[in-house]
Amino acid sequence: MSRNRILIVDDEPAIREMVAVALELADFEVLEAETAQQAHERIVDERPDLVLLDWMLPSVSGIELARRLKRDEGTSEVPIIMLTAKSEEDNKIQGLDVGADDYITKPFSTRELISRIKAVLRRSSLSAAEKAIDVEGLCLDPVSHRISAHERPVDMGPTEYRLLEFFMSHQERAYSRTQLLDQVWGANVYVEDRTIDVHIRRLRKALAPHGFDGFIQTVRGTGYRFSAKTSELT
């Protein structure tokens, strides 16, 4: 299974290092940023699973970045935990009101931080699991297990459905065949890597009549990704 990717946004290197070590020991993948601008770029480009966001940042504050992220449809679903020295109730309310999922006051224990992160990720996962995903008219409803293209039903096998569900939940990321097999079949099931190519072809065939087969893109030297953007690597 792929590790959850956490972005630490803090302008103090010592705090970033302390938190990064704790996260890596807890088997998270770590990204870092020291300004709101760097953080926004990394969120858009690398799609972290959660953002640890310091309130006091240079130029643009963490609370303003949180507000901006929650306004933007492309980043509004990214969970945010505010990290701050501000402990007053009004500050906590302000942080939660702009859309932060949790709030932890410095100094904090790394054990508490890891526990809070896992709780927010669980809530986020449960919420996302019930939401229909729509990408330019291709819609997957995880509750009814139905797929439609511009409101017309799309038929495909159960493995192709699971592949598409994973792809649509993890857009714009390239995955190796091994990673896809672990995610779709499970890490304890032995299936040859090339099996994925067969199911990718079937998935594209199911999407082709509706014009969405190009969303399943081959990334040379890596594997596959799901993207609505035109690719020169397919």
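Of note:
- Per the listing Val143, Val184, the residue uniquely over 21 Å from Thr75 (Cβ atoms), loosely packed, with under 14 Cβ neighbours inside 10 Å and at pLDDT below 90 is Val143.
- So Ile196, is it over 25 Å from Arg42 (Cα atoms) and buried (at least 18 other Cβ atoms within 10 Å of the Cβ): yes
- Residue identified as at pLDDT 90 or above, β-branched (Val, Ile, Thr), part of a loop (DSSP other than H, G, I, E, B) and touching a helix residue (DSSP H, G or I) at 6+ places or on another chain (Cβ under 8 Å) among Val30, Val60, Val51: Val60
- Residue among Ile43, Ile81 that is β-branched (Val, Ile, Thr), without any contact (Cβ under 8 Å) to a residue 40 or more places away in the chain, buried (at least 20 other Cβ atoms within 10 Å of the Cβ) and closer than 22 Å to Thr105 by Cβ: Ile81
- Inside the range 146-161, residues that are without any contact (Cβ under 8 Å) to a residue 24 or more places away in the chain and surrounded by 16 or more Cβ atoms within 10 Å (Cβ to Cβ) make up a count of 3.
- Single match in Tyr175, Tyr161 (criterion: in contact with a Gly (Cβ under 8 Å, 6 or more places away or on another chain), modelled with pLDDT of 85 or more and not aliphatic (A, V, I, L, M)): Tyr175
- Against the criterion of being of a type in the set (Lys, Arg), modelled with pLDDT of 90 or more and assigned by TED's automatic domain parsing to the domain that holds Asp213, Arg194 does not qualify.
The values are calculated or read from the model by the stated rules, or taken from the named source; none is laboratory data. All of these numbers come straight from a predicted model, not from anything done at the bench. Glycine also receives a Cβ, built like all others from the backbone with ideal geometry; neighbour counts cover every protein chain displayed.
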